[in-house]
Amino acid sequence: MSDEGAPKSAYELAMEKLKARGNYEERKLTGKQKAAIADIRSRYRARIAETEIEHQSKLASVTTYEELDKLKAELAREKERLNAEMEEKVEEVRSAS
């Protein structure tokens, strides 16, 4: 049975629109790039987990709500920074041809 008449997903429709407008360039990743990206993500997920564990240990010494809010904000900023750094490195690997 052919998928010719099957309805398309929202993702497929969006990709067709991007290709039609010329705003999308499909790039195939090599096995080496995929491995490098997986390694980067693995390392950064480990760093984020480490940061969360450190955060949990600091929570034990919190005595006020202000300190708690400060620690939560610090954790959020650090996780955001690590995620941004991870995505930057992944994009470097993707753009290297």
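The values are calculated or read from the model by the stated rules, or taken from the named source; none is laboratory data. Being a predicted model, the structure only gives us computed values, none of them experimental. Cβ placement follows ideal geometry from the backbone for every residue including glycine, while neighbour counts extend to all protein chains displayed.
Observations on the model:
- Extreme residue, surrounded by the most Cβ atoms within 10 Å (Cβ to Cβ), among residues of segment 68-97 that are among the acidic types (Asp, Glu) and closer than 30 Å to ALA38 by Cα: GLU78
- LYS79 vs. criteria assigned to a helix (DSSP H, G or I) and closer than 30 Å to SER95 by Cα: yes
- Segment 66-83, residues that are of a type outside the set (Lys, Arg) and closer than 13 Å to THR51 by Cβ: LEU71, GLU74, LEU75, ALA76, GLU78, GLU80, LEU82, ASN83
- Scanning segment 55-64 for residues that are surrounded by 13 or more Cβ atoms within 10 Å (Cβ to Cβ) and either of a type in the set (Phe, Trp, Tyr) or under 23 Å from the mean Cα position of the chain (by Cα) (or both) yields a total of 1.
- Exactly one residue among VAL62, VAL93 is at pLDDT below 95 and in a helix (DSSP H, G or I), and that residue is VAL93.
Yes/no per residue for (1) among the acidic types (Asp, Glu); (2) surrounded by 11 or more Cβ atoms within 10 Å (Cβ to Cβ); (3) at pLDDT below 85; (4) not in a helix (DSSP H, G or I):
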position	(1), (2), (3), (4)
GLU16	yes, yes, yes, no
GLU26	yes, no, yes, yes
LYS32	no, no, no, no
ALA38	no, yes, no, no
TYR44	no, yes, no, no
ILE48	no, yes, no, no
ILE53	no, no, no, no
GLU66	yes, no, no, no
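- Which listed residue is of a type in the set (Asp, Glu), free of Cβ contacts under 8 Å to residues at least 60 places away in the same chain and either within 18 Å of ARG41 (Cα to Cα) or touching a strand residue (DSSP E or B) at 6+ places or on another chain (Cβ under 7 Å) (or both), from GLU78, GLU74, GLU54, GLU66: GLU78
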